[in-house]
């Protein structure tokens with residue numbers, strides 16, 4: 001059997017908690033060959049696998065488009081809170097920016113897996129009362145219409161941070177002690193940031209049968225023994241067919 005292709009990933013948001021955590025796992029993982037991070041400010045990390053582009057305007061990527069080819073994965077971890085924002089502003093920062101970036105990278109990498117960090121509670125119908133959930137839902141839906149090899153919307157709940165990373169959100173220093181309790185009382189809504197990164201890598205290499213990835217899926221995908229199989233109701237193992245983006 002041929003060895004799986006090495007991952008060559010573009011990552012956004014690596015000066016934030018999720019993007020930094022995903023980048024960290026990619027740099028450690030033997031299945032990842034190279035990593036390109038695109039930031040507005042330096043991430044402060046140096047590694048043989050790592051290339052960084054500093055670019056201010058994510059609505060206009062024309063100046064760097066010729067540097068975006070040759071990759072087979074994009075882990076889009078850039079995002080903003082909806083707190084204090086009205087819908088037009090949040091829509092531009094979430095939907096418009098993400099779709100613009102995705103359209104730019106897919107032009108140069110048709111065989112790419114695109115993983116978008118969305119959030120638990122996202123509204124796929126785009127019709128609910130919660131503004132951020134509608135916008136995230138539309139973003140997910142329209143990403144899946146683009147001609148990527150695969151698109152996956154990651155909807156994590158609580159993500160336990162990776163110790164030692166510098167962009168962990170300040171709030172987490174007050175709540176990380178609750179992690180053992182959260183694992184017991186709301187296991188389906190809890191994962192670690194390490195698991196999110198590993199899940200993205202494994203889903204790129206081996207695929208998955210679902211486009212919407214929740215915390216339970218994240219933990220399955222992050223497992224050391226995940227090989228593109230899933231457990232059936234009777235406990236047997238069946239081979240998964242990779243989930244391609246709808247056209």
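Only the coordinates and a few stated rules stand behind these numbers; no lab work does. From a predicted model like this one, the values you see are computed outputs, not experimental measurements. In this analysis, Cβ positions are derived from the backbone assuming ideal geometry, glycine residues included, and neighbour counts consider all displayed protein chains.
Of all DSSP beta bridges in the range 7-239, what percent run antiparallel (nearest 5)? Could the numbers behind the result be given before it?
Values: 3 of 33 bridges.
Around 10 percent of the beta bridges assigned by DSSP in the range 7-239 are antiparallel ones.
Using 0.36 nm per residue, how much length does the chain from residue 110 to residue 67 gain when fully extended, once their Cα-Cα distance is taken away?
Length difference between fully extended and current span is 14.0 nm.
In whole angstrom, how far apart do the alpha carbon centroids of the range 118-187 and the range 27-60 sit?
Cα centroid of the range 118-187 versus Cα centroid of the range 27-60: 22 Å apart.
What is the extension gain from residue 171 to residue 212, computed as 0.36 nm multiplied by their sequence separation minus the C-alpha to C-alpha distance, in nm to one decimal? Intermediate results must be reported in sequence, preceding the final value.
Numbers: separation 41, 0.36 × 41 = 14.76 nm, distance 2.69 nm.
Roughly 12.1 nm would be gained on extension.
Could you check which residue among 45, 106, 37 shows the biggest mean-square fluctuation in a GNM of the chain with a 10 Å Cα cutoff?
It is 45.
State the extension gain, in nm to one decimal, for the chain segment bounded by residue 80 and residue 56, taking 0.36 nm per residue of separation less the distance between their alpha-carbons. Walk me through the numbers before you get to the answer.
Numbers: separation 24, 0.36 × 24 = 8.64 nm, distance 1.57 nm.
Taking residue 80 through residue 56 to full extension adds about 7.1 nm, to one decimal.
Of 123, 214, 57, which has the largest mean-square fluctuation in a 10 Å C-alpha GNM of the chain?
Of 123, 214, 57, the most mobile in the Gaussian network model is 57.
Who wins for biggest fluctuation among 150, 103, 195 in a Gaussian network model of the chain, springs between alpha carbons below 10 Å?
Among 150, 103, 195, the largest mean-square fluctuation in the Gaussian network model of the chain belongs to 103.
Got a sec? How would 41, 155 order by Cβ neighbour count within 10 Å, fewest to most? Before the final figure, lay out each step's value.
Details: 41 8, 155 22.
Listed from fewest to most nearby Cβ atoms, that is 41, 155.
Can you tell me the order of 24-36, 8-20 when each peptide is scored by its average per-residue count of other Cβ atoms within 10 angstrom, highest first? All intermediate terms of the calculation are to be shown ahead of the outcome.
On the way: 24-36: 18.3, 8-20: 23.8.
Answer by packing, highest mean first, reads 8-20, 24-36.
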